[in-house]
Amino acid sequence: MGKSITQQARGKGGPAFTMRKRAYIYKIGYPRLTSEGKAQIVKLINSLAHTAPLAKIRIGKEDFYSPATEGVYEGQEIYIGKREENKIVDGDILRLKDIPQGTKVFNIEISPGTGGKCLRSAGSSGIIMNRDAKGVEIIIRRRKLVINEDSRATVGVAAGDGRTMKPFVKAGNKHHLMLSKGRKWHRTSPIKTNAVDHPFGSGRGKRIKSKIAQRNAPPGAKVGHIRPKRTGHIK
């Protein structure tokens, strides 16, 4: 008899696993590569699908959405591209080659014209460091990224820092957060389920079952470690 495990139920779909599409109506991006000059923050938006508030920015007749910079306000003017006085203000969008070393940036493009892909969550930022023929080096905590110098980024820190410091207090608050993200919550430990619900289910006999699944295992049994290179503690 087959096992109706969680990942099978989610794959089939149903009322319990339905994504609310209206949570993802805003698509983050940058304007065309040729768009440069003064732009205006038309509106700040609280998006259910993003941890940082979004800013609706207008340059000419083109509108786009981007994570808001900490400290900006509605009606504020920003600049896309280099300013004439070579001054940089938080919220400006520039190419990495035009941003001075030591500046904090976020919403970074992986390649020019693709739109921001890195450092988009609330409170995130990286620091511009060295430049060479390979590209611009960006320090993100303990990691380093080398990205094309023509890729664009937003100067400053993404708004919404400190979001994780506020306690949920009630389970209902966590429930609504996870519902907006389309995540399953609470998560039940497999060994606590019944034998018919999961391959690890039931603890009868206290015989621990292998957590290494074969590569060609069927969906009902493909749980645990999927062909890992190694298991156990690293000595």
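Nothing in this text is a laboratory measurement; each read-out follows from the coordinates by a stated rule. Model, not experiment: these values are computed from the prediction. All Cβ positions, glycine included, derive from the backbone under ideal geometry; neighbour counts span all protein chains shown.
Treating r as the C-beta distance of Val146 and Ile208 and R0 as 30 Å, the FRET efficiency rounds to 0.10.
For the residues Ala159, Ala221, Ala68, a GNM of the chain with alpha-carbon springs under 10 Å puts the largest fluctuation on Ala221. For the chain, the longest principal axis of the Cα atoms and the long axis of helix 171-181 meet at an angle of about 70 degrees. When both region 59-99 and region 183-235 are represented by their alpha-carbon centers, they are found 49 Å apart. Taking Glu36, Glu70, Glu62 as the candidate residues, the one with maximal mean-square fluctuation in a Gaussian network model of the chain, Cα springs under 10 Å, is Glu62. What the phi angles of region 186-202 give under the Karplus curve with 6.51, -1.76 and 1.60, with θ = phi - 60°, is a coupling list of 6, 9, 9, 4, x, 6, 8, 8, 6, 4, 7, 9, 6, x, 8, x, 6 Hz, glycine and proline written as x.
Distance between the 7 Å Cα→Cβ label points at Leu179 and Ala9: 1.7 nm. The Cα-based radius of gyration and maximum Cα-Cα distance (Dmax) for the chain are 23.2, 76 Å. Calculated FRET efficiency, Glu74 to Ile110, Cβ-Cβ distance, R0 = 25 Å: about 0.25 to the nearest 0.05. Between Met165, Met129, Met178, the GNM of the chain built on Cα springs shorter than 10 angstrom shows Met165 fluctuating the most.
Its convex hull of Cα atoms gives region 22-162 a direction-averaged projected area, equal to a quarter of the hull surface, of 8.3 nm². The label point for Lys82 and the one for Thr34, both projected 7 Å from the Cα toward the Cβ, are 2.1 nm apart.
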